[in-house]
Amino acid sequence: MLATGDKIKTSSGDKITIKEFIAEGGQGEVYKVDYNGREKALKWYKKSFLNNNSDPKAFYANIKHNVENGQPSKEFLWPLEITEWQDDTFGYIMDLRPSGYYDITEYMLCHIRFKSYRAIIDACLKIVSAFRILHSHGYSYQDLNDGNFFIDPIKGDVLICDNDNVAPDKVETGILGKPRYLAPEIVLGKVKPNMLTDRFSMAILLYILFCLNHPLEGKKYLADALTPALQEKLYGSEPLFIMDPNDKSNGPDSVAHKNSIMVWKCLPDYMKEIFINAFSQNSFKNPHNRPTELDWLKVLTRFRSEIIDCLCGNEVFTQNGNNCKCDCCGKMIKIPFKLELKSYAIPAVQNSRIYKCQLGTCDAKDALNPIAGVVSKKDSNILGIRNKTDRKWNAINSKGVPKKVDAGETIPLKDGITFTVDDMTIKIIENK
Ligand SMILES: [Zn+2]
């Protein structure tokens with residue numbers, strides 16, 4: 001244990017002063033510290049944890065390397081500086097976790113609830129995008145689990161901590177991950193953590209965020225005492241999705257899994273499909289067949305685009321941008337216009353946006369950049385669609401006349417107007 005006022009040196013010679021103890025975990029303790037006049041967090045390893053690692057020097061070198069390479073995206077509470085070895089242990093500095101963020105177990109226990117479906121989707125989008133960026137840098141995270149993610153239930157903002165296990169893909173850090181979140185091939189001892197096992201663990205977390213149950217813990221999980229042999233079956237040799245459409249033997253229990261039952265029936269078909277794919281026998285056995293981060297981003301952005309607010313306050317899941325009925329107050333909701341993309345349409349209501357990843361392939365960093373947004377025109381309630389890219393669009397107006405739309409310019413919502421962004425032509429259609 002470190003004491004208030006203790007001083008520790010970083011590897012580059014700066015001084016850290018311990019201010020107060022924050023928390024203790026299995027690997028070490030976390031302290032609030034003063035680092036160059038700023039308040040930061042210090043994770044300080046327990047000697048017992050480092051002694052259990054097969055190569056503590058390599059573990060240190062890997063974190064140092066991560067510090068030097070810098071944070072891949074703002075979601076990661078990334079190591080900012082590493083300390084010198086002191087008394088056979090060491091630590092690293094990171095930003096303090098701001099208030100208003102809660103870990104996933106708090107959501108699973110219903111201590112904390114998301115404000116809206118949009119907040120859930122935003123959290124999922126941020127997690128998936130962060131991992132796409134991390135993987136694009138050649139890293140794998142290697143230990144995705146419910147304790148490493150802190151989420152703001154109102155905005156859906158995400159912070160990912162414990163980045164000391166992040167390493168170049170297929171480089172071992174001595175950490176296997178947390179039971180219940182491991183890919184089957186790790187449970188069976190066939191491989192060590194890598195990008196494809198990250199992808200599997202990520203899908204588990206996404207299912208939990210929507211349904212608040214673990215996707216492999218259906219009736220079979222409830223049936224017997226959870227012995228190591230049963231665990232190996234459930235998560236390794238015979239995994240079965242709680243919502244598997246063909247084999248219901250691990251299906252949901254009406255009491256223990258009522259969240260899953262309730263949410264699943266509301267999800268759009270393409271969301272059900274991607275979960276079914278992610279937890280199919282094909283994905284369990286062939287890691288390369290798992291939905292990619294881009295596959296997830298495409299369905300999640302589509303889902304987000306299809307949600308509108310009813311005047312009663314309910315979020316309504318529209319279909320193909322059409323007029324629809326609120327399932328809470330029963331009123332019909334008129335959606336005057338929709339935007340037709342390549343394979344589906346979304347409602348064109350205030351604040352609707354089209355993300356870069358909805359157009360097709362895109363760089364990891366650009367995926368969630370809005371390329372078009374529905375906004376009200378200055379000093380009026382009339383809606384238009386704004387060019388949010390930094391380049392001109394080719395548009396064709398409702399009379400068939402070609403027109404250029406400058407960056408930042410807004411065009412009216414009128415039946416028949418088309419505009420082309422990158423290679424996709426989007427059409428404005430009036431809902432009759
Ligand atoms: Zn309503």
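The values are calculated or read from the model by the stated rules, or taken from the named source; none is laboratory data. Because the structure is a prediction, the values reported are computed rather than measured. Quick reminder, even Gly has a Cβ in these numbers, built from the backbone with ideal geometry, and neighbours come from all protein chains shown.
Exactly one residue out of 210, 150 is touching a strand residue (DSSP E or B) at 6+ places or on another chain (Cβ under 6 Å) and among the aromatic types (Phe, Trp, Tyr): that is 150. Residues in the stretch 372-401 that are not in a strand (DSSP E or B) and not polar (S, T, N, Q): 377, 378, 379, 382, 388, 390, 391, 392, 399, 400, 401. All conditions but one from (1) part of a loop (DSSP other than H, G, I, E, B); (2) in contact (Cβ under 8 Å) with a residue 24 or more places away in the chain; (3) polar (S, T, N, Q) apply to residue 105; the one that does not is (1).
Scan the stretch 57-69 and give yes if some residue there is of a type outside the set (Ser, Thr, Tyr) and part of a loop (DSSP other than H, G, I, E, B), otherwise no. No: zero hits.
Here the condition is being of a type outside the set (Val, Ile, Thr) and modelled with pLDDT of 95 or more; of 193, 153, it holds for 153 alone. In the stretch 62-82, the residues that are without any contact (Cβ under 8 Å) to a residue 40 or more places away in the chain reach residues that are among the polar types (S, T, N, Q) and part of a helix (DSSP H, G or I) with C-beta atoms within less than 9 angstrom, at least six apart or across chains, in these pairs: 71/163.
Within the stretch 319-371, the set of residues being without any contact (Cβ under 8 Å) to a residue 40 or more places away in the chain and assigned to a strand (DSSP E or B) comprises 324, 325, 332, 333, 370. Filtering 63, 82, 93, 104 for residues that are over 26 Å from the mean Cα position of the chain (by Cα), surrounded by 15 or more Cβ atoms within 10 Å (Cβ to Cβ) and not aromatic (Phe, Trp, Tyr) leaves a single hit, 82.
Per-residue answers, yes or no, for (1) closer than 30 Å to residue 134 by Cα; (2) surrounded by fewer than 12 Cβ atoms within 10 Å (Cβ to Cβ); (3) within 32 Å of the chain's Cα centre (by Cα):
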site	(1), (2), (3)
358	yes, no, yes
378	no, yes, no
394	no, no, no
401	no, yes, no
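Just to verify a result, which residue in the stretch 324-350, among those that are within 16 Å of the ligand (Cβ to nearest atom) and under 17 Å from residue 427 (Cα atoms), is surrounded by the most Cβ atoms within 10 Å (Cβ to Cβ)? Of everything passing the filter in the stretch 324-350, 347 is surrounded by the most Cβ atoms within 10 Å (Cβ to Cβ).
If you take the residues in the stretch 302-318 that are under 24 Å from residue 342 (Cβ atoms) and of a type in the set (S, T, N, Q), which one is nearest to the ligand (Cβ to nearest atom)? So the residue we want is 318.
Residues in the stretch 344-365 that are of a type in the set (S, T, N, Q) and under 20 Å from residue 393 (Cβ atoms): 351, 352, 358, 361. Out of curiosity, is residue 374 in contact with a strand residue (DSSP E or B) (Cβ under 6 Å, 6 or more places away or on another chain), surrounded by 21 or more Cβ atoms within 10 Å (Cβ to Cβ) and of a type outside the set (D, E, K, R)? Answer is yes for this residue. In the stretch 231-242, the residues that are over 20 Å from residue 277 (Cβ atoms) reach residues that are surrounded by fewer than 22 Cβ atoms within 10 Å (Cβ to Cβ) and of a type in the set (A, V, I, L, M, F, W, C) with C-beta atoms within less than 7 angstrom, at least six apart or across chains, in these pairs: 232/187; 237/188. Identify the residue in the stretch 243-269 that is in contact (Cβ under 8 Å) with a residue 40 or more places away in the chain and not hydrophobic (A, V, I, L, M, F, W, C) and, among all such residues, is nearest to residue 298 (Cα to Cα). Among those residues, the one meeting the criterion is 268. Residues considered: 376, 398. Of these, the only one that is free of Cβ contacts under 8 Å to residues at least 24 places away in the same chain, out of contact with any helix residue (DSSP H, G or I) (no Cβ under 8 Å at 6 or more places or on another chain), more than 16 Å from the ligand (Cβ to nearest atom) and hydroxyl-bearing (Ser, Thr, Tyr) is 398. Screening residue 275 with (1) among the aromatic types (Phe, Trp, Tyr); (2) closer than 28 Å to residue 376 by Cβ; (3) away from the ligand (no atom under 16 Å from the Cβ) gives one miss only, at (2). The number of residues in the stretch 1-18 that are of a type in the set (A, V, I, L, M) and part of a loop (DSSP other than H, G, I, E, B) comes to 3.
Would you mind stating whether residue 127 is more than 16 Å from the chain's Cα centre (by Cα) and within 18 Å of residue 207 (Cβ to Cβ)? Spelling it out, it is not the case that residue 127 is more than 16 Å from the chain's Cα centre (by Cα) and within 18 Å of residue 207 (Cβ to Cβ).
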